[in-house]
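Notes to accompany the following structure.
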Protein chains: 2
Amino acid sequence: MTAILKKGERIDQLISQGIQIIQSPDVFSFSLDAVLLSNFPRLPKKGIIVDLCAGNGAVGLFISSKTQAKIIGIELQEKLADMAARSIQLNHLEQKVSIRQMDLKDSTNVIDPDSVDLVVCNPPYFKESALTNKNPNPHLAIARHEIHTTLEEVIETSAKLLKMNGRLALVHRPERFLEILQLMEKNRIAPKIIRFVYPKANKEANTILIEGIKDGKPNGIRFLPPLFVYGGDNQYLPEIREMLYGK
Amino acid sequence: MTAILKKGERIDQLISQGIQIIQSPDVFSFSLDAVLLSNFPRLPKKGIIVDLCAGNGAVGLFISSKTQAKIIGIELQEKLADMAARSIQLNHLEQKVSIRQMDLKDSTNVIDPDSVDLVVCNPPYFKESALTNKNPNPHLAIARHEIHTTLEEVIETSAKLLKMNGRLALVHRPERFLEILQLMEKNRIAPKIIRFVYPKANKEANTILIEGIKDGKPNGIRFLPPLFVYGGDNQYLPEIREMLYGK
């Protein structure tokens, strides 16, 4: 088992899904947001799912047991794509999950436009700006800041990849919410299901989950019950615990 | 006390605010949404507050003890405006609260444009359509359906009335959310604070509270902690109970 690991890496588990995943604190570790995203969209039973900004492949691996669809991860950073490829092997999921190391803008070169049933994406959250305090570690900075891609590119690319009535599911920060709605509208994706995530019951939302349908009708938006992460005792609440550890 | 009442009317109370209010099940009774709205926006200490679609004056009366601002209600229906006027007398609030019976589109004839600190509005929720099941009672139908005004007119009128950095606070249904955002943007009102109201913790949102700032910057949107109305025992939860009955 150690041969599959490179320097500084370790194997973590998502117990609820029986998935092992190669992580590296110096390069990339999946966050709770990847777990939230992997539990959010309605998954197609078959067809093609694309995970943009796939990182170490967490989201694709986490949903793999719940669908017969082919899952294709797109990740720009070579080190992260390499970790994802080894995690796919580690879980014996080569027949179902794959990873392509490339800029997401080029993904239509390897995946047919208008062919994808679901795009999932946990993109960099923060706008690129000279004034922003970026992580000095370039791998982490690229994953968190819009250095090599932007929200606009993510949504444009998703709209190209998706078939009619295909769905885009994003996790993001509430402060980008209006921009997400505007970019979805511009790219003919109708927002349909929104869920706000609150760190605790008495706190403001710090995460948003949003699902849109390509060429969907612009009506019938639904706001799911809110999701709270921690209880008053600072322990994960049951819904989160189940996402992580199962029933 | 009975002389102030007309046929079919009764006096109800909002205990938390010590307000008596004339209601008529045949014409108009305030709903929980009026109570939610009156507890939502930050109130200016002084200046002018306008309550559009004021009905029997509930929202204006409910906020009156919490601000030194002049409160002007605008209500199209004569019977409702008349009830509001008598409730204002009943509470001895003639110096602070007034009601004008008129179409809200004409409100700039009696209130200076760009002069208002806060507009509050609990508008008709449902689009006017030949297919809609409307209430056969015309008073109730006008209060609930966009027969004599529309969301667009409400937001346009609010934008005209508000001074720069004045605020608009609306209560509405989540299915109109995208339209509210679009109309706010069109009328230079930046959405700033949103609170979703859920009937219970495990239900989808059925009400939205939204506050926008005229000529505000289009960033910094906040999503307040969710508000649940009923507990598992179908009783009002403490936050709602306090709005109704006080501490």
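Using a Förster distance of 35 Å, how high is the FRET efficiency between A:Lys105 and B:Asp215, based on the Cβ-Cβ distance and rounded to 0.05? Efficiency, rounded to the nearest 0.05: 0.45. The residues of the protein assembly as shown present an accessible area of 46 Å² per residue when probed at 1.4 Å with all protein chains retained. Note on B:Lys66 and A:Asn234: the model spin-label points, each 7 Å out from Cα along the C-beta direction, lie 3.3 nm apart. Of all residues in chain A, the one whose Cβ lies closest to the rotation axis carrying A onto B, together with that distance in whole Å, is A:Pro226, 2.
Buried surface for the B/A pair, taken as the accessible area of each chain alone minus that of the pair with a 1.4 Å probe, is close to 1900 Å² in total. Legend: calculated FRET efficiency, B:Gln13 to A:Arg42, from the Cβ-Cβ distance at R0 = 45 Å, rounded to 0.05, equals 0.45. Nonpolar atom fraction for region B:2-245, defined as the carbon and sulfur part of the 1.4 Å probe accessible area, stands at 50 percent. Distances, shortest first, from the label point of A:Gln89 to those at the same position in the other copies read 8.8 nm; the point lies 7 Å along Cα to C-beta.
Stretched out straight at 0.36 nm per residue, the stretch from A:Ile4 to A:Gln89 would grow longer than its current Cα-Cα span by 29.7 nm.
Rounded to the nearest 20, the Cβ-based charge dipole of the protein assembly as shown about its Cα centre (Lys and Arg +1, Asp and Glu -1) stands at 620 debye. For region A:1-65, applying the loop criterion from DSSP together with a ceiling of 15 other beta carbons within 10 Å to the trypsin sites (Lys or Arg not before Pro) yields A:Lys6, A:Lys7, A:Arg42, A:Lys45, A:Lys46. Here B:Met164 and B:Ser31 are evaluated by their C-beta separation; at R0 = 30 Å the FRET efficiency comes out at 0.40.
Across region B:54-131, the volume of the C-alpha convex hull divided among the residues equals 112 Å³ per residue.
The same position A:Gln68 in the other copies lies at 7.2 nm from this copy, comparing label points 7 Å beyond Cα toward the beta-carbon, shortest first.
So for region A:95-247, taking the charge dipole from beta-carbon charges (+1 Lys/Arg, -1 Asp/Glu), which of A:Asn135, A:Val116, A:Ile221 sits furthest toward the positive end? About the Cα centre, the residue reaching furthest to the positive side is A:Ile221. When the alpha-carbon atoms of region B:2-245 are used, the pair Rg, Dmax equals 17.1, 52 angstrom. The aspartates and glutamates within cross-link reach of A:Lys247, meaning a Cα-to-Cα straight distance under 16 Å and a gap of 8 or more places when in the same chain, are A:Glu239.
Put a dot 7 Å past the Cα of B:Gln20, heading toward its Cβ, do the same for B:Glu128, and the two dots end up 3.7 nm apart. Between A:Glu152 and B:Arg222, the modelled labels are 2.9 nm apart [label points 7 Å from Cα along Cα→Cβ].
Couplings 3J(HN,Hα) of region A:106-119, computed from phi: 8, 5, 5, 6, 10, 10, 4, x, 6, 10, 9, 7, 8, 10 Hz, in residue order, whole Hz [Karplus 6.51 cos²θ - 1.76 cosθ + 1.60, θ = phi - 60°; x for Gly and Pro]. Averaged over the residues of peptide B:194-203, the number of Cβ atoms from other protein chains lying within 10 Å of each residue's Cβ is 3. Between this copy and the others, label points of A:Val110 are 6.8 nm apart in ascending order, each placed 7 angstrom from Cα in the Cβ direction.
For region B:183-188, 3J(HN,Hα) computed residue by residue from phi via the Karplus equation (6.51, -1.76, 1.60; θ = phi - 60°) reads 5, 4, 4, 4, 9, 6 Hz, glycine and proline entered as x. Amide H contacts of B:Lys192 (H built 1.01 Å from N, in plane; Pro and chain starts excluded): B:Glu211, B:Gly212, B:Ile213 sit under 5 Å, all sequence-distant by 5 or more or on other chains.
The values are calculated or read from the model by the stated rules, or taken from the named source; none is laboratory data. Being a predicted model, the structure only gives us computed values, none of them experimental. Reconstructed Cβ throughout: ideal geometry from the backbone, glycine too, with neighbour counts over all protein chains shown. We work out accessible area using only protein heavy atoms, side chains counted, and drop any ligands, DNA or RNA first. Shrake-Rupley method; radii C 1.70, N 1.55, O 1.52, S 1.80 Å.
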